[in-house]
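Let me begin by presenting the structure, written as structure tokens, before commenting on it.
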Amino acid sequence: EKKLFKKTKAKIKRYFPVGSLKASLFIKKVKDENLNLNKSYDICLIGEPASKTNKDLKNISDRYEIPGKVAEYTLRVCKKNNLKLIFSGKNETFNDSHLQEQKYYKHFLKDYDYTIIPKENYYSTFENAFKSELIIGHNSTFLREISALHKKVLSLNFLGHDEFKEPFSDIAYLEKFTFKDFEIRVLELIQLNQDEYRKKLKNNLDFITVSAANTIKNIKKEIL
């Protein structure tokens, strides 16, 4: 964010990075409720269904198909390598958007057996990701939030577009890739421990996001 603001005419006297409030609230919930979040999955795929009526990134060609292609690659690598997947949906069961999400992915995943897990509550995506070895997404801000909890992520830039080039780098980032490139990277990431993963990042965690450990405390200190 600092890097982006410096390119604008915004006059900012002081930056106060505090980290992800959502991630910090999730940490608090885990501690308060003593939740069991043992790893149960190799990969958590973040649902990012694209709508043709959404004008975001309208300058990017094939933007509608990209999340579907990402999902197809992910399911293919899981099927080929016997990896356990949890497909974390973007929308709640009671929301019509979940039905649209199912319809969207069905178009791209006709050859696979899969289940999109709808959101049950505010924390569902965090729980799904936390129980996984690797979290995969295309243009989801959630990848930054879960990074604040020291989880391994793979941010995909299918077309190599400039808008998606940061903040992730090196081992956590892949652009203009073939399925073979994707498979090699996924298998490598799954085998790395957290220390090995962080050493392979050009941009360290502080560049990606501030640790969420003290976010609530820091916000209270600033505003009270």
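The values are calculated or read from the model by the stated rules, or taken from the named source; none is laboratory data. Given the structure is predicted, the values throughout are model-derived calculations rather than measurements. Glycine gets a Cβ as well: all are built from the backbone with ideal geometry, and neighbour counts include every protein chain shown. The protein model used for the area step is the full one, side chains on, heavy atoms only, and it has no ligands, DNA or RNA in it. Shrake-Rupley method; radii C 1.70, N 1.55, O 1.52, S 1.80 Å.
Data for the structure
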{"quantity": "Selection from segment 34-70 of residues that are at pLDDT 70 or above and exposed (fewer than 11 other Cβ atoms within 10 Å of the Cβ)", "calculated": "Asn34, Asn36, Asn38, Lys39"}
{"quantity": "Subset of segment 1-21 (residues that are open to solvent by 90 Å² or more (accessible area, probe 1.4 Å) and within 21 Å of Lys221 (Cβ to Cβ))", "calculated": "Glu1, Lys2, Lys13, Arg14"}
{"quantity": "Residue, farthest from Lys31 (Cα to Cα), within segment 156-215, restricted to residues that are modelled with pLDDT under 80 and hydroxyl-bearing (Ser, Thr, Tyr)", "calculated": "Ser169"}
{"quantity": "Residue within segment 73-95 that is buried (at least 16 other Cβ atoms within 10 Å of the Cβ), assigned to a strand (DSSP E or B), of a type in the set (S, T, N, Q) and modelled with pLDDT under 90 present", "calculated": "yes"}
{"quantity": "Complete set of residues in segment 70-96 that are touching a residue at least 40 places away in the same chain (Cβ under 8 Å) and hydroxyl-bearing (Ser, Thr, Tyr)", "calculated": "Tyr73, Thr74, Ser88"}
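Table: residues versus (1) without any contact (Cβ under 8 Å) to a residue 24 or more places away in the chain; (2) assigned to a helix (DSSP H, G or I); (3) crowded, with 16+ Cβ neighbours inside 10 Å.
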{"residue": "His98", "(1), (2), (3)": "yes, yes, yes"}
{"residue": "His107", "(1), (2), (3)": "no, yes, no"}
{"residue": "Asp113", "(1), (2), (3)": "yes, no, no"}
{"residue": "Asn121", "(1), (2), (3)": "yes, no, no"}
{"residue": "Ile136", "(1), (2), (3)": "no, no, yes"}
{"residue": "Leu143", "(1), (2), (3)": "no, yes, yes"}
